[in-house]
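Values quoted throughout were computed directly from the atomic coordinates according to the rules given, and no laboratory measurement underlies them. Predicted model only: the values in this text are computed from it and were never measured. Neighbour counts are summed over all protein chains in view; Cβ atoms, including those assigned to glycine, are modelled from backbone coordinates with ideal geometry.
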Amino acid sequence: MDAFYASVEQMDNPELRGKPIAVGGGGSRGVVAAASYEARKFGVRSAISGYQAKKNCPDLIFVRPRFERYREISEKIRQIFFDYTDLVEPLSLDEAYLDVTVNKKGNPSATLIAQEIRKRILDEVGLTASAGISINKFIAKVASDFNKPNGQKTVNPDEVLTFLEELPIRKFYGVGKVTTEKMYQLGIFTGKDLKEKPVDFLIKHFGKSGAFYYAVVRGIHNSAVKPERIAKSVGAEHTFHENLTSEIFMMERLEAIAAILERRLKKYDISGKTVTLKIKYSDFSLQTRSKTMPYFISDKSLILDVAKELLYQEKMKDSVRLLGISLGNLNTEVKKTVAVQLKFDF
């Protein structure tokens, strides 16, 4: 989907159309969850601070997120996908992989299917979407960003190697800002440069990811579209408006977080054995503390008892800006898809 959260807000509120908007908070602790294309022209992007976003674009309009509304729209879009294939792998509320090799419409052209799906989303939901079409998930993902917004790109089998060789390394899916800089230092600027490096060289400099880079630049990515994923953990976390300095105040917040986590566990009928406490300090350093129980738990009181023990396990090194609790070692024998929703102060 194109600027999904922001586009939903502009669709629901005509006064916001054509204006630079950001879904999120504009305060000192606010975070941008999504930005309209009008705002992106000024360098407003998701995950940057609300303060920086406002600095980049003084006329920026901040809108509080409505995740229930986004989930409602996402479900409508997903139902359109299911008219074409059951092999739908959601990555988030606004993105998914579809395997249409064998599809319910009997259409041999993935390109035409993508066009039809995008038209239906526009006609039935009122939003624009973009698509990437190719022989595997990696190339399709990269291609999906080429003609945004409201466009699509097909990379046919005989075009794959040329496409990858000419691709700037910063556009390779999975190559972030830090890795891009490291590759630049090694003389890797395009897929062609990457392809010239032997696998041992890439593993030496990038670890296990090196083998991945070696394969994908040759068009090899054998990951299947997985309609459902086994949840490895379920969690909840909260970023605070002001840093916390006392464990007593932290316990109050952890009780609220544990209650949210309990509701999610009950909703999906999940329990687990390993409780992990996540702590992010004011300097943005991250610490996790875990304890594994001999039995499955899902009740707030039991989760909170373990979280309290982990909290007092060692002295805090600084004031705390975020706390989170997650439960792992789940009893998910059947496959489940579980979303972990972050909570922000806006």
Charge tally in the Cβ shell below 13 Å around residue 57, where Lys, Arg are +1 and Asp, Glu are -1, residue 57 excluded: +4
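Nearest 500 deg cm²/dmol is fine: what mean residue ellipticity at 222 nm does the chain get from its DSSP H runs of n ≥ 4 alone, each adding -39,500 (n - 2.57), divided by its residue count? Don't skip to the answer; put the middle values down first.
Details: 13 runs with 131 residues, N = 346.
Computed mean residue ellipticity for the chain: -11000 deg cm²/dmol.
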FRET efficiency, 1/(1 + (r/R0)^6) with R0 56 Å, evaluated for residue 199 and residue 59 via beta carbons: 0.65
Can you give the three extents of the C-alpha atoms in the chain along their principal axes, from longest to shortest, in whole Å? 62, 55, 43
Would you calculate the convex hull of the Cα atoms in the stretch 233-343 and tell me its volume per residue in Å³? 92
Taking Rh as the Kirkwood radius computed over C-alpha pairs, what is the Stokes-Einstein D of the stretch 37-160 at 37 °C in a medium of viscosity 0.692 mPa s, expressed in µm² per second? 203
Per-q log10 I(q)/I(0), the stretch 4-65, q = 0.13, 0.28, 0.29 Å⁻¹ (Debye; single scatterer per alpha-carbon; no solvent): -0.25, -1.15, -1.23
Within the chain, which complete DSSP H helices have Cα atoms spanning at least 20 Å along the helix axis and a mean Kyte-Doolittle hydropathy of -0.5 or higher? 110-124, 247-268
In the Gaussian network model of the chain, springs joining C-alpha atoms below 10 Å, which of 210, 25, 43 carries the largest mean-square fluctuation? 210
Can you give the net charge of the other residues whose Cβ lies under 9 Å from the Cβ of residue 210, counting K and R as +1 and D and E as -1? +2
Around residue 151, what is the net charge, scoring Lys/Arg as +1 and Asp/Glu as -1 over all other residues with Cβ under 13 Å from its Cβ? +2
The computed P(r) of the stretch 1-110 puts the percent of Cα pairs beyond 24 Å at 36
Long-range amide H partners of residue 293, meaning residues 5 or more apart or on another chain whose placed amide H is closer than 5 Å, are 274, 275
Would you look at the GNM of the chain, springs on alpha carbons closer than 10 Å, and say which of 212, 201, 42 moves the most? 201
Given the stretch 210-297 reduced to its alpha-carbon atoms as identical point scatterers, what log10 I(q)/I(0) does the Debye formula return at q = 0.14, 0.16, 0.26 Å⁻¹? -0.74, -0.85, -1.39
Return the ratio Rg/(2.2 N^0.38 Å) for the stretch 156-207, where Rg is computed over Cα atoms only. 1.13
Can you give the charge dipole size of the stretch 158-216 about its Cα centre, rounded to the nearest 20 debye, using +1 on the beta carbon of Lys and Arg and -1 on the beta carbon of Asp and Glu? 360
With charges set only on the Cβ (+1 for Lys and Arg, -1 for Asp and Glu), what does the dipole of the stretch 233-343 come to about its Cα centre, in debye to the nearest 20? 360
Dipole size in debye (nearest 20) for the chain around its Cα centre, Lys and Arg Cβ +1, Asp and Glu Cβ -1? 400
Interchain or sequence-distant (5+) residues whose placed amide H lies within less than 5 Å of the amide H of residue 190 are 169
Beyond 17 Å, how much of the Cα-Cα pair distribution for the stretch 105-179 remains, as a whole percent? 49
Amide H neighbours of residue 87 at under 5 Å, excluding residues fewer than 5 places away on the same chain, with H built from the backbone geometry, are 99
